[in-house]
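See structure below.
The values are calculated or read from the model by the stated rules, or taken from the named source; none is laboratory data. Computed from a predicted structure; not experimentally measured. Accessible surface areas use protein heavy atoms only, side chains included; no ligands, DNA or RNA. Shrake-Rupley method; radii C 1.70, N 1.55, O 1.52, S 1.80 Å.
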Amino acid sequence: MTDREFFVETLAGEIPRFERVFKALPEDKLDYKHPGDAKGKSAGELVNMLATEASTYLPLFDTGVVNMDEFSWAEKRSLADATSLL
């Protein structure tokens with residue numbers, strides 16, 4: 001198995017897990033942060049980060065190129081929008 005094949009297989013297996021976790025999160029609790037971690041990201045920020053990373057890397061399967069110009073964790077998305085990126 002090549003590195004590329006391993007990456008594709010691994011990410012393909014992770015996407016359904018991301019979707020299940022995203023769908024299990026209450027929409028009104030996305031601003032939750034662990035109280036003991038002042039620098040930590042909120043649940044919504046983590047969802048955006050995971051969805052953005054996955055959607056940025058998905059074109060790699062077809063094109064072999066990752067477009068980092070469209071990579072933005074800062075964009076605020078609803079839970080449904082983040083899930084739709086996967």
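Here are the numbers for the structure shown:
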{"quantity": "Structure-based [θ]222 nm, the chain - -39500 (n - 2.57) summed over DSSP H runs of at least 4, per residue, nearest 500", "calculated": "-17500 deg cm²/dmol"}
{"quantity": "Over the chain - Rg/Rh using Cα atoms and the Kirkwood inverse-distance radius", "calculated": "1.02"}
{"quantity": "List Tyr32, Tyr57, ordered by accessible area with a 1.4 Å probe, largest first", "calculated": "Tyr32, Tyr57"}
{"quantity": "Potential extension, Lys41-Thr2 segment - 0.36 nm per residue separation minus Cα distance", "calculated": "10.6 nm"}
{"quantity": "Karplus-derived HN-Hα couplings along segment 17-32 (A = 6.51, B = -1.76, C = 1.60, θ = phi - 60°), whole Hz, x at Gly and Pro", "calculated": "5, 4, 4, 4, 5, 4, 5, 7, 6, x, 4, 7, 10, 5, 8, 5"}
